[in-house]
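Enquirer: Have a look at this one before I ask anything.
The values are calculated or read from the model by the stated rules, or taken from the named source; none is laboratory data. Just so we're clear, the structure is a prediction, and the values are computed from it rather than from any experiment. Please note: Cβ atoms are built from the backbone with ideal geometry, for glycine as well, and neighbour counts cover all protein chains shown.
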Amino acid sequence: MTQQPLWWQKGIIYQIYPRSYQDSNNDGIGDLPGIRQRLDHLQSLNIDAIWLSPIYPSPMHDFGYDVADYVGINPLFGTMDDFDTLLADVHARGLKLIIDLVPNHTSDEHAWFQESRSSRDNPKRDWYIWHDPAPDGGPPNNWRSFFGGPAWTFDKATGQYYLHQFVTQQPELNYRHPDVLPAMLDVMRFWLDKGVDGFRVDVIWLMIKDAQFRNEPPNPDWDGVDPFNSHRHIYTQNMPEVHDLIRQMRAVLDAYDERMMVGEIYLPYDELMAYYGPNFDECHMPFNFHLIQAKWQAQNIRQLVNSYEAALPAGATPNWVLGNHDQHRIATRVGVDQARVANMLLLTLRGTPTTYYGEELGMVDGHIPPAFIQDPPAVNQPEIAHIIGRDPERTPMQWDGSVNAGFSGETAVPWLPVADNYKTINVAAQNEDLTSMLNFYRALTQLRRDEPALHVGSYQDVEANNENVLAYVRESVEGNGRSFLILLNFSGEPQQVNIKDLGTTTRIILATDMQRTGELALANFTLAPNQGLILQL
Ligand code: NOJ
């Protein structure tokens, strides 16, 4: 008998960026009680798990990814009681809660770093990565920060540099020191004992760096835009020793029931697969971000899906992501009309989907006037802010058409401006419209939940005989239910499709416009511009 799939193998993950979801106290910043007020909405989306970006005490130099205390709650977001109440309420609704774990670096305000920087002989000195200056007094090597400039900052008091691959206030922990990982494993146990269902682990593939601090070679394929990409990061990323750390993290999770970790990893498929672990003893899932990075073209996506399917070790749980708080929104990247096709793809491919908040509405990147830019890489590098800045995808959730879109009270000033289109693109308006993006999203997720073929079935590539159309079949593996053909028109033009070998007539179960219904003969038919169809075979 096949084993029943676990929640994270068949469910949908929904990412909340807490600063931007719902502000309950009118300080312009979203918070935990705010999220609690929105559980009805979350439940109405047929999602299974909520992932919260960091809610820990933090000076917010990187909006919470600079953690000053791993076992506390930032007062901006509420109290530990608020967290416990939220967790209990989420569980009472049959949902799971995943939190962000940020093990690679702390805030410079974390007590560990305060000790570490206090003197060269402090017992915690080597919990962080310190290095003498180069002979000319400059940084020890050529490693760069993702956010611009060198990855090293000089500490005058002790005469050494410390490593940080993000903002200067995010010193990197040294996992070559024997006490650091045990401390992080204790942090994991603290939250698991509270009952959280898992972790999204920040930059897990960066956790250990070259022991010899070798310079990184130039990147011959650099496009000249973001200076970070001018080097090949072979000594700061994806080091072989990282896998042992991850296995120890996984062992902590395995001592509990059905908890999971999903690792943030941007790597090509062959290298990504190693993060499942040789015995499925590392990440339950390494995030698959390739839909975010891919050129949005049917044959390209087809090739990407097929190569992912081919690279997955037998028995591994696949996953797909359309967007997150570091990437321009999908509706901006591919266009508002095509965003429905993108969501139909996300929710019908084989594997656990992750939806970024607001994607269920088709939210687009907000316009951030230069004076309002807050994201550190954009602040540090104004000349490329429009390309690398992450504020646009972090604008407040659009709940209704009132001032501040129902995110904050009307007199508050949201931490980022609400996107211009909030009067029409919002939850309240889309709830009323039977064919809205929101109701389309709900129909899709309901279908995915109801149909074994869609949440655990097999995937089979199909030739649609049209380069603008992606076609595949999802079949229920144990004969327990219906099988579906998915057809997606990646273009803004009508497309002729001709699929002969799948029988003659099928029935439309769901269309992206929520209007096209009825029977369809597969021999020769037309897909409308930006149209996707789920057909029952
Ligand atoms: C990845 C996170 O997703 C991003 O938002 C953050 O800035 C860096 N890691 C540093 O923690």
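Enquirer: Here is a check on your reading of the model: is Val225 assigned by TED's automatic domain parsing to the domain that holds Ile16, surrounded by 20 or more Cβ atoms within 10 Å (Cβ to Cβ) and either out of contact with any Lys or Arg (no Cβ under 7 Å at 6 or more places or on another chain) or not polar (S, T, N, Q) (or both)? Walk me through it before giving the result.
Expert: Working: assigned by TED's automatic domain parsing to the domain that holds Ile16: yes; surrounded by 20 or more Cβ atoms within 10 Å (Cβ to Cβ): no; either out of contact with any Lys or Arg (no Cβ under 7 Å at 6 or more places or on another chain) or not polar (S, T, N, Q) (or both): yes.
For Val225, the condition - assigned by TED's automatic domain parsing to the domain that holds Ile16, surrounded by 20 or more Cβ atoms within 10 Å (Cβ to Cβ) and either out of contact with any Lys or Arg (no Cβ under 7 Å at 6 or more places or on another chain) or not polar (S, T, N, Q) (or both) - is not met.
Enquirer: Of all residues in the stretch 89-127, which are closer than 23 Å to Asp179 by Cα and within 27 Å of the chain's Cα centre (by Cα)?
Expert: Residues satisfying the conditions are Asp100, Leu101, Val102, Pro103, Asn104, His105, Thr106, Ser107, Asp108, Glu109, His110.
Enquirer: Is there a residue in the stretch 141-160 that is under 24 Å from the mean Cα position of the chain (by Cα), within 16 Å of the ligand (Cβ to nearest atom) and in the same structural domain as Ala211 (by TED's automatic domain parsing)?
Expert: no
Enquirer: Name every residue in the stretch 212-221 that is under 29 Å from Asn174 (Cβ atoms) and assigned to a loop (DSSP other than H, G, I, E, B), in order of residue number. Working first, answer last.
Expert: Taking the stretch 212-221 first, the residues under 29 Å from Asn174 (Cβ atoms) are 212-219.
Once the filter is applied, which keeps residues that are under 29 Å from Asn174 (Cβ atoms) and assigned to a loop (DSSP other than H, G, I, E, B), the stretch 212-221 yields Gln212, Phe213, Arg214, Asn215, Glu216, Pro217, Asn219.
Enquirer: Give the residue that is surrounded by the fewest Cβ atoms within 10 Å (Cβ to Cβ), with candidates limited to residues of the stretch 89-131 that are in contact with a Pro (Cβ under 7 Å, 6 or more places away or on another chain) and more than 30 Å from Leu6 (Cα to Cα). Quick ask: steps written out before the conclusion?
Expert: Just the residues of the stretch 89-131 that are in contact with a Pro (Cβ under 7 Å, 6 or more places away or on another chain), to begin with: 100, 102, 105-109, 113, 128, 131.
Remaining after also requiring more than 30 Å from Leu6 (Cα to Cα): 105-109, 113, 128, 131.
Numbers: His105: 28, Thr106: 27, Ser107: 26, Asp108: 23, Glu109: 16, Phe113: 22, Tyr128: 24, His131: 14.
Only one residue fits best here, namely His131.
Enquirer: Something else: Which one of the conditions (1) more than 26 Å from Thr352 (Cα to Cα); (2) among the acidic types (Asp, Glu); (3) surrounded by 13 or more Cβ atoms within 10 Å (Cβ to Cβ) does Asp513 fail to meet, given that it meets all the rest?
Expert: Among (1) more than 26 Å from Thr352 (Cα to Cα); (2) among the acidic types (Asp, Glu); (3) surrounded by 13 or more Cβ atoms within 10 Å (Cβ to Cβ), Asp513 violates only (1).
Enquirer: Which members of the stretch 273-323 meet the condition of being of a type in the set (Val, Ile, Thr) and not in a loop (DSSP other than H, G, I, E, B)? Break it down into steps so the answer makes sense when it comes.
Expert: Filtering the stretch 273-323 down to residues of a type in the set (Val, Ile, Thr) leaves 292, 301, 305, 317, 321.
Once the filter is applied, which keeps residues that are of a type in the set (Val, Ile, Thr) and not in a loop (DSSP other than H, G, I, E, B), the stretch 273-323 yields Ile292, Ile301, Val305, Val321.
Enquirer: So, one more: Can you name every residue in the stretch 243-272 that is among the basic types (Lys, Arg) and closer than 14 Å to Phe199 by Cβ? Full working, then the answer.
Expert: At the first step, the residues of the stretch 243-272 found to be among the basic types (Lys, Arg) are 247, 250, 259.
Listed by number, the residues that qualify are Arg250, Arg259.
Enquirer: Need pairs with beta-carbon distance below 7 Å; first residue without any contact (Cβ under 8 Å) to a residue 40 or more places away in the chain and closer than 20 Å to Asn324 by Cα and within the stretch 264-276, second within 16 Å of the ligand (Cβ to nearest atom) and β-branched (Val, Ile, Thr); sequence gap 6+ or separate chains.
Expert: Short answer, once both residue conditions are applied: Leu272/Ile265.
Here's the yes/no breakdown for (1) within 16 Å of the ligand (Cβ to nearest atom); (2) surrounded by 20 or more Cβ atoms within 10 Å (Cβ to Cβ); (3) at pLDDT 95 or above:
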| residue | (1), (2), (3) |
| --- | --- |
| Arg302 | no, yes, yes |
| Val305 | no, yes, yes |
| Ala311 | no, no, yes |
| Thr317 | no, yes, yes |
| Gln327 | yes, no, yes |
| Ala331 | no, yes, yes |
| Val334 | no, no, yes |
| Asp337 | no, no, yes |
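Enquirer: While we're here: Scan the stretch 405-420 and give yes if some residue there is of a type outside the set (D, E, K, R), at positive phi and touching a residue at least 12 places away in the same chain (Cβ under 8 Å), otherwise no.
Expert: Residues of the stretch 405-420 that are of a type outside the set (D, E, K, R), as a first pass: 405-409, 411-419.
Filter once more, so that each one left must be at positive phi: 405-406.
Add one more test, that the residue is touching a residue at least 12 places away in the same chain (Cβ under 8 Å), and what stays is 405-406.
Checking the stretch 405-420: at least one residue is of a type outside the set (D, E, K, R), at positive phi and touching a residue at least 12 places away in the same chain (Cβ under 8 Å).
Enquirer: So, one more: Tell me the residue from Val187, Val196 that is part of a loop (DSSP other than H, G, I, E, B), in contact (Cβ under 8 Å) with a residue 60 or more places away in the chain, among the hydrophobic types (A, V, I, L, M, F, W, C) and in the same structural domain as Phe289 (by TED's automatic domain parsing), please.
Expert: Values: Val187 fails: part of a loop (DSSP other than H, G, I, E, B).
After ruling out the rest, the residue left standing is Val196.
Enquirer: Of all residues being assigned to a loop (DSSP other than H, G, I, E, B) and buried (at least 24 other Cβ atoms within 10 Å of the Cβ) in the stretch 343-358, which is nearest to the ligand (Cβ to nearest atom)? Just the residue, please. Spell out how you get there, then give the answer.
Expert: Filtering the stretch 343-358 down to residues assigned to a loop (DSSP other than H, G, I, E, B) leaves 349-351, 357-358.
Next cut, buried (at least 24 other Cβ atoms within 10 Å of the Cβ) only: 357-358.
Numbers: Tyr357: 14, Gly358: 16 Å.
Result: Tyr357.
Enquirer: A further question follows. Six or more apart or on different chains, Cβ under 7 Å: which pairs go from a residue in the stretch 8-22 that's touching a residue at least 24 places away in the same chain (Cβ under 8 Å) to one that's of a type in the set (D, E, K, R)? Could you list them?
Expert: Close Cβ pairs satisfying both conditions: Gly11/Asp48; Ile12/Asp48; Tyr17/Arg394; Pro18/Asp31; Ser20/Arg394; Tyr21/Arg38; Gln22/Arg38.
Enquirer: Here's something else I'd like to know. What number goes with the only condition from (1) in contact with a helix residue (DSSP H, G or I) (Cβ under 8 Å, 6 or more places away or on another chain); (2) within 20 Å of Val427 (Cβ to Cβ) that Gly72 does not pass?
Expert: Going through the list (1) in contact with a helix residue (DSSP H, G or I) (Cβ under 8 Å, 6 or more places away or on another chain); (2) within 20 Å of Val427 (Cβ to Cβ), Gly72 breaks only (2).
Enquirer: Under 9 Å between Cβ atoms, which residue pairs at least 6 apart in sequence (or on different chains) link something in the stretch 495-524 that is more than 22 Å from Val336 (Cα to Cα) with a partner that is of a type in the set (Asp, Glu) and modelled with pLDDT of 95 or more?
Expert: Listed pairs, sorted by first residue: Ile509/Glu451.
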